[in-house]
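A short worksheet on the structure shown next.
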Amino acid sequence: MTAKLFIAALLASAVALPTVATAWESDIVVMAQKGRVDTAVFGKRPYMRDPRLSPDGSKVAVMMSRDGVDNLVLIDLTKTDTAPKLIAKAEEYREAGDRTMTGWRWVGNRTLIITLMSREIIFGQRSDLRRLAAYDLESGKLTPLAWTDAGGDGGTILHVDDEKETILVQRGIFKDGSFSPGPEVINVDVRTGEYRTIQRPNVEVSNWLVDGKGVVRGGLGQDDKGNQRLMYRSDAGGTIKTVSNAKDPTFTQSQIVPSVFLDEPDMAYATSNRDDLRRVYKVNMKTMEIVGPPLFQLDGYDVGGIIPNEAGNNILGFAYITDKDRRKWVDERLAQVQQFFDEDFGEGNALITSTNDGDTKLIVQIGETSDPGGYYLYDTESGKLQLLGWVHPILQGAKMNPTDTVRYKASDGLEIEAIVTYPRHRKDRKKLPVVVMPHGGPYGVRDEEGFGFFPWHQAVAELGYVVIQPNYRGSGGYGKSFVMEGRKPNGYGNRMQDDLNDAVTWFAQQGLVDPKRACIMGWSYGGYASARGAQRDPNVWRCAIAGAGVYDFPMMKSFDTETFGSFGASFQATADDLISISSARNTDGPWSPILIVAGLRDARIPIEQSRTLVSRLKRSGKKEGVDFRYVEQPKGTHNLPYEDVHIEWLVEAEKWLAVHNPAYIEGDPDKPKPVTVTVETR
């Protein structure tokens, strides 16, 4: 597809904005907070997400939802009586020819850079192309940036110069019928679209590293055997040389990668899990030696990342997750502002998400873990705090089901952290029905207490269940050794499953849940774990709800090898016997009743995985509608981008739970609450 046609199609798919100042009218009706919120409400897309201030703080670019579709919107803060301006519509792409918008950022105060994705058929295979386009706020035009001769990825921004209105872009090259051996780096003028190459491809480099001045200082490479190479140079005039070459068969990102290059010669700030937990270090890039003690570390948790300053040569703070997403500011001014927020709204309930140049204007997300909260504009000079918009107008600042972080012991003694959501309408927290909800991934991912983009824990707790989200072995955030516990040959499909079973046992011993009223529910890896639980441990689970899971690993490994290569294909299941951990290869014998949901257009987990499981369940004598139910979503993809598809997943789960593990039964001291918060159909 040509650049002109691509952008024309993107703009043609846009929807009109209503004439209001900074908000769209919601189609949610809030009738009473005392009653139950309907399950469909939790499938609604966030009304507002990821607002970003322009460098001068006069404008906000933000994703806003209308009729279940995301739209990139511009809000001019200097014109409070003007409606938000629509820039582009963002819908999930599914088949060849589809396109969408996936990201945005400011370059100067006149230009927004938009990341576009397109799904195309190249050499007979489905491929995803990434491109950049500049949106001119003055003319309203979208201009493609450096699409000529671009390869599969032409949209990785490495550096932004707001004053010169230029960006450094890493892109692959496709020219004369062949791809380049690696990406190049180009300097792009976002106003004119003109560009020039400043770093040619290197066969050893797959990702280039740039300092705060826009100088290419190094590169990273990895082959299909896991060998990792780090290359570096001291300045623009030096030769890039290999400073580290190691193999990482653990998939734990053990390579030291610089995040901020300092003005001090050859010094950088980097994160490393060299001592198990990921910490922040000062590193001599020439010798790869750690200089001094860690700059920042946590007790029992990994540091998430470094927040650089505007110049890109020092640190403003650190991002990390303990019980929830947090920031530690080393910049005195931001640290003081954060302290004020903590005093006013509770420690950790206000998160600075965007700032202008000079940090005089901030966007702050404020909300407790039991509510989605809202985005606020804060002027540090006047002290004025103004609501920009609710994340979910449906609930606004309403407190939903409370959450807590609890550690329990697995049956082999390993300590596991879990997020527990308690049903708010049930005063007596004793012997309650429970839904265990393993996260996707599985490696490197974890759950925390936040309301989240997909608040499934809130939806299920609202029905009257305790929801437990175990960060089972292999989850991220707890150090390299914890990830490795899941990557052992007996981890995937075995010990990791035991961690889920052990959650039911441990919380039953505490008197919170009834072990005879437990179900398991998850998506992606969580879908795999749910099906594996139904097959392996039907004595533990009264029912299972599996979405977008892998059920036949020999089949999946063949797909992944073709897609990601031999090294990438080994990332998922690490068991010695892939057949034994494949639920679709073990359909004979007793199973827990299982709901299977799959998206027809899932590009990550082929639909054949779910269809194969269903076919083999039938062949083993399992009855559809009794032993299993299969829901195939024609519009569904792996990321649940559509409201109706997302709502269907949650509503089908509610129905399956009601049949096989009712939230309220005879003998319970309480009764279900009536639904008083609903989605209104227009």
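Every condition in (1) surrounded by 21 or more Cβ atoms within 10 Å (Cβ to Cβ); (2) free of Cβ contacts under 8 Å to residues at least 12 places away in the same chain; (3) charged (D, E, K, R) is met by residue 347 except one, and the failing one is (1).
Restricting 248, 276, 263 to residues that are surrounded by fewer than 17 Cβ atoms within 10 Å (Cβ to Cβ), out of contact with any Pro (no Cβ under 9 Å at 6 or more places or on another chain) and farther than 26 Å from residue 231 by Cβ narrows the list to 276. I'm trying to understand the selection: among the residues of the stretch 570-592, which are open to solvent by 30 Å² or more (accessible area, probe 1.4 Å) and more than 27 Å from the chain's Cα centre (by Cα)? Passing the criteria: 576, 577, 578, 579, 580, 585, 586, 588, 589, 590, 591.
The requirement of being in contact (Cβ under 8 Å) with a residue 60 or more places away in the chain, open to solvent by 30 Å² or more (accessible area, probe 1.4 Å) and either in contact with a Phe, Trp or Tyr (Cβ under 7 Å, 6 or more places away or on another chain) or aromatic (Phe, Trp, Tyr) (or both) is fulfilled somewhere in the stretch 203-225, by at least one residue. A search for C-beta distances below 7 Å between a residue of the stretch 134-145 that is of a type in the set (Gly, Ala, Ser) and any residue that is open to solvent by 30 Å² or more (accessible area, probe 1.4 Å) and outside any loop (DSSP other than H, G, I, E, B), counting only pairs 6+ apart in sequence or on different chains, returns 134/143. Is at least one residue of the stretch 282-295 under 25 Å from residue 349 (Cα atoms) and without any contact (Cβ under 8 Å) to a residue 12 or more places away in the chain? Scanning the stretch 282-295, I find no residue that is under 25 Å from residue 349 (Cα atoms) and without any contact (Cβ under 8 Å) to a residue 12 or more places away in the chain, so the answer is no.
For (1) at pLDDT 95 or above; (2) open to solvent by less than 50 Å² (accessible area, probe 1.4 Å); (3) touching a Ser or Thr at 6+ places or on another chain (Cβ under 9 Å), each residue gets a yes or a no:
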| position | (1), (2), (3) |
| --- | --- |
| 502 | yes, yes, yes |
| 505 | yes, no, yes |
| 508 | yes, yes, no |
| 513 | yes, yes, no |
| 518 | yes, yes, no |
| 524 | yes, yes, no |
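Counted as qualifying within the stretch 273-326 are the strands (runs of 3 or more DSSP E) with 3 or more residues that are under 29 Å from residue 168 (Cβ atoms) and aliphatic (A, V, I, L, M), namely 289-296, 303-308, 315-321. For the stretch 631-678, the candidate set comprises residues that are in contact with a strand residue (DSSP E or B) (Cβ under 6 Å, 6 or more places away or on another chain) and in a loop (DSSP other than H, G, I, E, B); within that set, the residue that is nearest to residue 521 (Cα to Cα) is 661.
Can you confirm whether residue 441 is touching a helix residue (DSSP H, G or I) at 6+ places or on another chain (Cβ under 8 Å) and either within 16 Å of residue 477 (Cα to Cα) or not in a loop (DSSP other than H, G, I, E, B) (or both)?
Yes: the conditions hold for residue 441.
Number of residues in the stretch 226-254 that are in contact with a Phe, Trp or Tyr (Cβ under 8 Å, 6 or more places away or on another chain) and on the phi > 0 side of the Ramachandran plot equals 2.
A search for C-beta distances below 7 Å between a residue of the stretch 154-176 that is on the phi > 0 side of the Ramachandran plot and any residue that is open to solvent by less than 20 Å² (accessible area, probe 1.4 Å) and among the β-branched types (Val, Ile, Thr), counting only pairs 6+ apart in sequence or on different chains, returns 165/107; 165/111; 165/190.
Quick check on my filter: what residues within the stretch 540-569 are of a type outside the set (A, V, I, L, M), open to solvent by 10 Å² or more (accessible area, probe 1.4 Å) and touching a residue at least 24 places away in the same chain (Cβ under 8 Å)? Walk me through it before giving the result.
As a first pass, look at the stretch 540-569 and keep what is of a type outside the set (A, V, I, L, M): 541-543, 547, 549, 551-554, 557-568.
If we keep only those that are open to solvent by 10 Å² or more (accessible area, probe 1.4 Å) too, we end up with 542, 554, 557-559, 561-568.
Result: 542, 554, 559, 565, 566, 567, 568.
The number of residues in the stretch 463-507 being assigned to a strand (DSSP E or B), out of contact with any His (no Cβ under 8 Å at 6 or more places or on another chain) and of a type outside the set (Val, Ile, Thr) comes to 1.
To keep it simple, each residue is scored yes or no on (1) in contact with a strand residue (DSSP E or B) (Cβ under 6 Å, 6 or more places away or on another chain); (2) within 26 Å of residue 505 (Cβ to Cβ); (3) not aliphatic (A, V, I, L, M).
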site: 525; (1), (2), (3): no, yes, yes
site: 537; (1), (2), (3): no, yes, yes
site: 542; (1), (2), (3): yes, yes, yes
site: 565; (1), (2), (3): no, no, yes
site: 569; (1), (2), (3): no, no, no
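The values are calculated or read from the model by the stated rules, or taken from the named source; none is laboratory data. It should be emphasised that the depicted structure is a prediction, and the values quoted were computed from it without experimental measurement. Every residue, glycine as well, gets a Cβ built from its backbone with ideal geometry; the counts of neighbours run over all protein chains shown. What goes into the accessible areas is simple: the full protein's heavy atoms, side chains included, and nothing from ligands, DNA or RNA. Shrake-Rupley method; radii C 1.70, N 1.55, O 1.52, S 1.80 Å.
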